[in-house]
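Asks: Next up is a structure, given as structure tokens.
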Amino acid sequence: MRIKEAGVCRGSGKIFAKIILPSLPETSAVTISADTDNGRDVPCSLYELDTNRDADRAFVVVVPMLDISSCQITLTESQNDTTPRDSASFRIRFTSAKWESRLNYRLNQQLCREIRDYDKVGIYDNATIDFLDCIEDGNEAILRIAVHEPYRDDNAPSIKCLDAALNTIPISLVTFGNAKEIIPFSANKYRREYQYSLRVPNEIKRLVFTIDDANHPSFGSFEVLDGPMFADLRLRTANIMRSAQEDIAYRDWFKAHRVDVAALSKQDHIHFSYEPKFSIVVPLYKTPRSFFRSMADSVIKQSYRNWELILVNASPEDGELAELVSQYSRKDARIRVVSLSENLGISENTNQGIEVASGDFICFFDHDDMIEPNILFEYVRAINSRSDTDLLYCDEDKLLPNGSLAQPFFKPDFNLDLLRGNNYICHMLTIRKSLLDQIEPNTAEYDGAQDHNLTLRAVEKARYVNHIPMPLYHWRMSATSTAADASSKSYATSAGIRAVREHLDRLGISATVSQSRRPFTYKVVYDVPKDHPLISIIIPSKDHTEVLDTCIQSILTKSTYDNYEIVIIENNSTDNTTFEYYASLVSAHPNIIRVEYWKQEFNFSKLMNFGAEKAKGDYLLLLNNDTEVITPDWLEVMLGLCAREDVGVVGVRLLYPDNTIQHAGVCIGGVCAGHLCKNFPRNRWGYFAMQDSQQDLSAVTAACLMTKRSSFEVVGGFTEELTVAFNDVDYCLKIRALDKLVVYTPEVELYHYESLSRGSENSDAKRMRFHREIAYMNYHWAEYYVKGDPYFNPNFTQSEPAMFNYHL
């Protein structure tokens with residue numbers, strides 16, 4: 001057998017070589033193998049070109065581009081009886097092939113068009129890989145891939161990873177399940193899709209993946225993740241997951257969105273029905289001159305004029321600062337100076353300013369920060385829109401030493417549970433003076449957490465907390481500021497724990513407060529009710545007993561709370577072993593596990609409502625059968641939260657089996673709703689650590705959701721018109737309509753063995769059902785889609801999937 005080499009081109013990390021086998025009989029089959037000079041196998045594929053030649057047959061040889069000198073390709077001819085008849089070899093030299101490819105792209109474009117990516121003709125006959133995501137996790141990258149094979153009952157794919165020198169890279173595949181796919185051009189043929197996650201070194205280089213099927217050797221193939229492809233995949237994934245906090249485009253965004261000169265000039269002449277006076281209290285201590293000027297000038301430039309600036313100078317030894325303060329007070333009568341004989345600490349210094357304030361609202365402003373010229377105007381506008389406003393705050397960003405702005409903190413509307421764990425309100429805290437007069441003032445023991453303590457005391461009595469979703473406050477990052485280095489004020493953590501503990505004591509709430517995983521954040525665990533109530537864990541299930549058993553065993557072996565029952569809702573299983581499994585479970589745990597039979601059609605909402613009817617507990621825990629408990633005290637933590645009078649629903653952090661986030665709460669928006677921080681590595685905290693913060697949200701997923709039976713009954717349970725999707729979101733919004741909170745806690749974790757994607761709606765009936773459910777949500781909860789999710793700042797993008805990662 002003779003081989004005629006007809007040219008090569010390079011692409012997608014592969015070499016495509018066209019060869020011609022003159023006078024090869026049509027009845028002959030040709031197979032391929034490749035190896036290096038030292039005998040190592042090289043992944044390779046062979047595809048016959050569709051040509052009209054009478055005598056010659058043309059093929060495309062495909063091998064990965066490697067960091068070795070060459071490889072030898074061997075073609076073997078055989079007849080129908082598969083007996084080898086003849087063979088021949090030729091060599092591909094990788095450096096030469098690279099230069100020849102470049103030349104052919106210039107001079108022989110027809111050849112390149114003919115053979116480039118020709119391996120795609122085999123996607124329905126061979127195994128293939130699609131690279132879905134590349135998630136950076138420190139020194140590792142998490143690759144998400146989908147492997148497709150021709151559908152067989154006994155598919156058994158295996159994957160190996162090699163570098164460009166053919167060295168094996170150890171990988172451990174995490175399986176996300178498989179699905180049967182319809183082939184577009186045939187109603188009778190299918191492919192099977194497997195979803196995997198694997199970890200590789202987080203460095204841009206060429207990777208070669210081989211796919212073999214032990215039961216179907218002909219499906220074997222390979223795929224290359226080339227360096228540029230790797231970089232592009234990692235960048236595309238990072239762009240989707242990049243939050244506003246780390247987006248360098250914020251500087252341009254801010255310029256485009258800040259108030260312009262024309263609007264400022266008009267604001268100066270606008271009158272409101274109520275025009276309160278603001279007393280801006282600024283304690284000064286060793287304040288750098290340039291910082292003072294910037295701070296004071298930002299107040300003087302306010303478009304709303306009814307204010308006073310109270311400068312509390314606690315640096316009596318600094319004559320130059322005192323003179324500068326005096327100069328400003330002489331220039332503007334609205335600037336008042338309180339001179340202290342000594343530094344009393346931040347709390348007492350601030351109190352001295354509050355005592356002389358004559359305004360209707362007190363604003364707390366740090367001596368080295370800056371405010372936008374329209375902040376007071378926006379505050380007045382907000383007060384006039386809600387006359388019961390007693391406390392205001394706005395969004396903020398960081399003022400870098402070079403004068404640029406970065407790290408915008410776009411905050412949610414008032415979020416009590418987030419505030420208890422973290423003083424997210426922070427700047428620019430403004431409190432109605434009449435409310436402030438009712439609050440016990442800060443003392444030195446709260447220094448470092450004085451704003452947090454004051455805010456907690458204020459929200460206990462405030463009628464309405466008003467959030468202005470604009471970045472109007474610039475928090476300066478200097479060498480000693482908390483904004484730059486949290487450890488620079490380590491004493492603040494102790495003061496913060498004290499403030500949160502006393503806040504809960506004042507409200508008569510029993511809980512334990514401790515330092516959380518981050519500086520200035522606190523873990524609040526609420527006590528379980530003294531009556532030790534029964535929790536009913538409701539699990540819908542159909543066959544797949546191995547999945548259900550993982551869930552059940554994790555509950556039985558890991559749970560430290562002992563007063564619970566497990567109610568399995570059986571929904572038309574067909575496998576006899578399923579019922580044998582049920583019998584063994586009930587026999588082994590007769591006082592804990594029951595099986596109730598729902599014999600009608602699948603309808604998740606009806607299943608949940610049926611389960612609630614059969615449950616005996618005052619607390620219902622709705623749980624998917626494809627979950628696994630990680631946190632031993634999960635029931636205590638959820639119960640402590642759910643038992644609070646102001647809480648109606650509790651959700652938890654769910655992880656994919658590769659230790660990335662599947663659920664850290666739900667945001668209302670996009671097509672309908674979606675999971676926050678999805679795909680983030682478990683230990684990556686996300687936008688201002690939101691995925692690691694206990695907080696109030698609009699919704700959580702019913703894959704693991706606790707609710708009071710009383711609340712469930714008041715709202716009529718799950719809406720049965722929502723048969724599959726969004727019924728949990730709808731339930732949470734109904735609870736919110738009762739003015740009850742939906743709380744997400746990261747202090748409880750479970751694995752959720754769900755596919756990476758929701759699953760294709762691959763029939764007209766399913767697609768129509770999905771659209772009806774979206775329409776239901778848009779109609780019944782239109783306010784959320786018009787005004788936005790109150791726990792999701794309107795400055796974030798509203799397009800999926802980036803919006804679920806707090807994207808600018």
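Asks: Would you mind getting me the FRET efficiency between Thr797 and His544? Use the beta-carbon distance for r and R0 = 56 Å, nearest 0.05.
Replies: Working: r = 37 Å, r/R0 = 0.67.
Efficiency computed from Cβ-Cβ geometry: 0.90.
Asks: Taking K and R as +1 and D and E as -1, what net charge do the other residues with C-beta under 13 Å from the C-beta of Phe602 add up to?
Replies: It works out to a net charge of +1.
Asks: Please list, in order along segment 683-699, the HN-Hα scalar couplings obtained from phi with the Karplus expression 6.51 cos²θ - 1.76 cosθ + 1.60 (θ = phi - 60°), rounded to whole Hz, x for Gly and Pro.
Replies: The phi angles translate into 9, 9, 6, x, 4, 6, 6, 5, 6, 10, 10, 5, 7, 8, 9, 6, 7 Hz.
Asks: Sorted by accessible area (1.4 Å probe), largest first, how do Glu636, Glu246, Glu308 line up?
Replies: Reading off the accessible areas and sorting them downward yields Glu246, Glu636, Glu308.
Asks: Taking only DSSP H segments of four or more residues, each worth -39500 (n - 2.57), what value at 222 nm results for the chain once the sum is divided by all its residues, to the nearest 500 deg cm²/dmol?
Replies: The per-residue figure over the chain is -8500 deg cm²/dmol.
Asks: Which of the residue pairs Lys558/Lys708; Lys616/Lys708; Lys461/Lys734; Lys18/Lys98; Lys461/Lys787 have a Cα-Cα distance greater than 18 Å in the structure shown?
Replies: With Cα atoms farther than 18 Å apart: Lys558/Lys708; Lys461/Lys734; Lys461/Lys787.
Asks: Mean separation of Cα pairs under 8 Å and 6+ residues apart, divided by the residue count of the chain: what relative contact order is that in percent?
Replies: Relative contact order comes out at 9 percent.
Asks: Still on this structure, please answer the following. Taking 0.36 nm per residue of separation and subtracting the Cα-Cα distance, what length does fully extending Lys530 through Glu48 add?
Replies: Details: separation 482, 0.36 × 482 = 173.52 nm, distance 7.54 nm.
Gain in length upon complete extension: 166.0 nm.
Asks: Work out, step by step, the length gained on full extension between Asp764 and Thr175: first 0.36 nm times the residue separation, then minus their alpha carbon distance; give nm to one decimal.
Replies: On the way: separation 589, 0.36 × 589 = 212.04 nm, distance 2.88 nm.
That pair, Asp764 and Thr175, stretches by 209.2 nm at full extension.
Asks: Pairs of alpha-carbon atoms within less than 8 angstrom and 6+ residues apart define the contacts here; what relative contact order does segment 433-545 have, in percent?
Replies: 22 percent.
Asks: Amide H of Trp307: which non-local residues (sequence gap of 5 or more, or other chain) have their own amide H closer than 5 Å, using H built in the peptide plane?
Replies: Phe278
Asks: Here's another thing I want to ask about it. Counting DSSP beta bridges with both partners in segment 1-67, what percentage is antiparallel, nearest 5? Spell out each step's value before the answer.
Replies: Numbers: 20 of 20 bridges.
Just about 100 percent of them are antiparallel.
Asks: Give the residues of segment 420-440 whose amide nitrogen is closer than 18 Å to a point set 7 Å from the Cα of Gln515 in the direction of its Cβ.
Replies: 421-423
Asks: In sequence order, what are the phi-derived ³J(HN,Hα) couplings for segment 350-355 according to the Karplus relation 6.51 cos²θ - 1.76 cosθ + 1.60 with θ = phi - 60°, rounded to whole Hz, with x for glycine and proline?
Replies: Karplus values, whole Hz, x for Gly and Pro: 5, 4, 4, x, 4, 4.
Asks: What is the distance in Å between the Cα centres of segment 88-137 and segment 253-326?
Replies: Their Cα centres are 64 Å away from one another.
Asks: Just the number please: accessible area per residue for the chain, 1.4 Å probe, all protein chains included, in Å².
Replies: Ligands and nucleic acids excluded, the figure is 43 Å² per residue.
Asks: Under 13 Å from a label point 7 Å along Cα→Cβ of Asn139: give me every residue in segment 188-203 with its amide N that close.
Replies: 200-203
Asks: Shape call for segment 727-808 from the C-alpha gyration tensor, a ≥ b ≥ c root eigenvalues: rounded (a/c under 1.5), prolate (a/b greater than b/c) or oblate?
Replies: Since a/c stays below 1.5, the shape of segment 727-808 is classed as rounded.
Asks: Then there is this: So between Ser404 and Glu323, what do we pick up on full extension, going 0.36 nm a residue minus the alpha carbon distance?
Replies: Using 0.36 nm per residue and subtracting the Cα-Cα distance, I get 26.2 nm.
Asks: Report in % the part of the accessible area of the chain that belongs to carbon and sulfur, leaving out ligands and nucleic acids; probe 1.4 Å.
Replies: Looking at the chain in its full context, I get 48 percent from C and S.
Asks: Rounded to whole Å, give me the distance from the Cα center of segment 194-215 to that of segment 567-632.
Replies: After rounding, the separation between the Cα centres reads 38 Å.
Asks: What does DSSP give for segment 628-752 in terms of the percent of beta bridges that are antiparallel, rounded to the nearest 5? Intermediate results must be reported in sequence, preceding the final value.
Replies: Numbers: 16 of 24 bridges.
Here the share of antiparallel DSSP bridges comes out near 65 percent.
Asks: With the Cα gyration tensor of segment 487-528 giving a ≥ b ≥ c as the square roots of its eigenvalues, does the rule (a/c under 1.5 for rounded; else a/b larger than b/c for prolate; else oblate) give rounded, prolate or oblate?
Replies: Verdict is oblate for segment 487-528.
Asks: Would you rank Asp50, Asp125, Asp154 by solvent-accessible area, highest first, keeping every protein chain in place and using a 1.4 Å probe?
Replies: The ranking, largest first, comes out as Asp50, Asp125, Asp154.
Asks: So what's the angle, to the nearest 10 degrees on a 0 to 90 scale, between helix 545-558 and the longest Cα principal axis of the chain?
Replies: Once rounded, one gets 40 degrees.
Asks: Also, quick follow-up: Please work out whether segment 105-169 counts as rounded, prolate or oblate from its C-alpha gyration tensor, where a ≥ b ≥ c are the square roots of the eigenvalues and a/c under 1.5 means rounded, while otherwise a/b larger than b/c means prolate and anything else oblate?
Replies: Oblate, since a/c reaches 1.5 and b/c is not below a/b.
Asks: Still on this structure, please answer the following. Among the GluC sites (Glu not before Pro) in segment 567-610, which ones are in a DSSP loop with at most 11 other Cβ atoms within 10 Å of the Cβ? Mind listing them?
Replies: Loop-located and lightly packed - Glu601.
Asks: Where both residues lie in the chain, what percent of DSSP beta bridges are antiparallel, nearest 5? It would help to have the intermediate numbers written out before the result.
Replies: Working: 115 of 165 bridges.
Of the beta bridges lying entirely in the chain, close to 70 percent run antiparallel.
Asks: Tilt of helix 491-506 relative to the longest C-alpha principal axis of the chain, in degrees (0 to 90, nearest 10)?
Replies: The angle comes out near 80 degrees.
Asks: Can you compute the FRET efficiency between Asn202 and Arg2 using 1/(1 + (r/R0)^6), with r the Cβ-Cβ distance and R0 = 51 Å? Round to the nearest 0.05. Write down the numbers at each step before the final one.
Replies: Details: r = 47 Å, r/R0 = 0.92.
Calculated value: 0.60.
Asks: Assuming R0 = 22 Å, can you tell me the calculated FRET efficiency for the pair Ser158 and Asp130, based on Cβ-Cβ distance, to the nearest 0.05?
Replies: FRET efficiency, Ser158 to Asp130: 0.80.
Asks: Using only protein heavy atoms and a 1.4 Å probe, report how much of Glu747 is accessible, in Å² to the nearest 10.
Replies: Near enough 30 Å² of accessible area.
Asks: Toward the positive end of the charge dipole of segment 1-58, about the Cα centre and with charges on Cβ (Lys, Arg +1; Asp, Glu -1), which of Ala6, Thr31, Cys44 goes farthest?
Replies: Ala6
Asks: Using Rg and Dmax of the Cα atoms in Å as the read-out, say which of [x] 30.8, 101; [y] 26.9, 83; [z] 32.7, 105 was calculated from these coordinates.
Replies: Step by step, Rg and Dmax of the Cα atoms in Å for this structure corresponds to label [z].
Asks: At what distance in angstrom do the alpha carbon centres of segment 705-730 and segment 497-563 lie from each other?
Replies: 21 Å
Asks: Using only the alpha-carbon atoms, how far is helix 604-614 inclined from the longest principal axis of the chain? Give it as 0 to 90 degrees, nearest 10.
Replies: In the chain, helix 604-614 runs at an angle near 60 degrees to the longest axis.
Asks: How much of the calculated P(r) for segment 26-110 lies past 16 Å, in percent of all Cα pairs?
Replies: Within segment 26-110, distances greater than 16 Å cover 62 percent of Cα pairs.
Asks: Turning to a different aspect of this structure: Give the longest segment of the chain that steers clear of chymotrypsin sites (Phe, Trp or Tyr not before Pro) in DSSP loops with at most 12 neighbouring Cβ atoms within 10 Å, not counting the sites themselves.
Replies: Numbers: sites that count: Phe185, Tyr274.
Here the longest segment lacking exposed loop sites spans 275-808.
Asks: Give a residue-ordered list of calculated ³J(HN,Hα) values for segment 279-289 (Karplus: 6.51 cos²θ - 1.76 cosθ + 1.60, θ = phi - 60°; whole Hz; x for Gly, Pro).
Replies: 9, 9, 9, 10, x, 10, 8, 6, 6, x, 4
Asks: Hey, another quick one. Obtain the nm distance between the two label points defined at Ser587 and Ser273 by a simple spin-label model: each point lies 7 Å from its Cα along the Cα-to-C-beta direction.
Replies: Each label point is offset 7 Å from its Cα along the Cβ direction, giving 7.5 nm.
Asks: Mind listing the long-range amide H neighbours of Ile535? Cut-off is under 5 Å, sequence gap 5 or more, other chains count too, H placed in the peptide plane at 1.01 Å from N.
Replies: So Ile535 has HN proximity to Tyr564, Glu565.
Asks: What residues have an amide H closer than 5 Å to that of Leu24, excluding those fewer than 5 places away on the same chain, when H is modeled at 1.01 Å from N in the peptide plane?
Replies: Arg57
Asks: Would you kindly find the accessible area of Lys14, with a 1.4 Å probe and non-protein molecules such as ligands, DNA and RNA excluded, rounding to the nearest 10 Å²?
Replies: Surface accessible to solvent at Lys14 totals approximately 10 Å².
Asks: Something else: Where in segment 392-422 is the amide nitrogen less than 17 Å from a point lying 7 Å along the Cα-to-Cβ axis of Ile248?
Replies: 400-408
The values are calculated or read from the model by the stated rules, or taken from the named source; none is laboratory data. All values reported here derive from a predicted model rather than from experimental measurement. Cβ: placed from backbone, ideal geometry, glycine included. Neighbour counts: every protein chain shown. All accessible areas refer to the heavy atoms of the entire protein, side chains included, with ligands and DNA or RNA removed. Shrake-Rupley method; radii C 1.70, N 1.55, O 1.52, S 1.80 Å.
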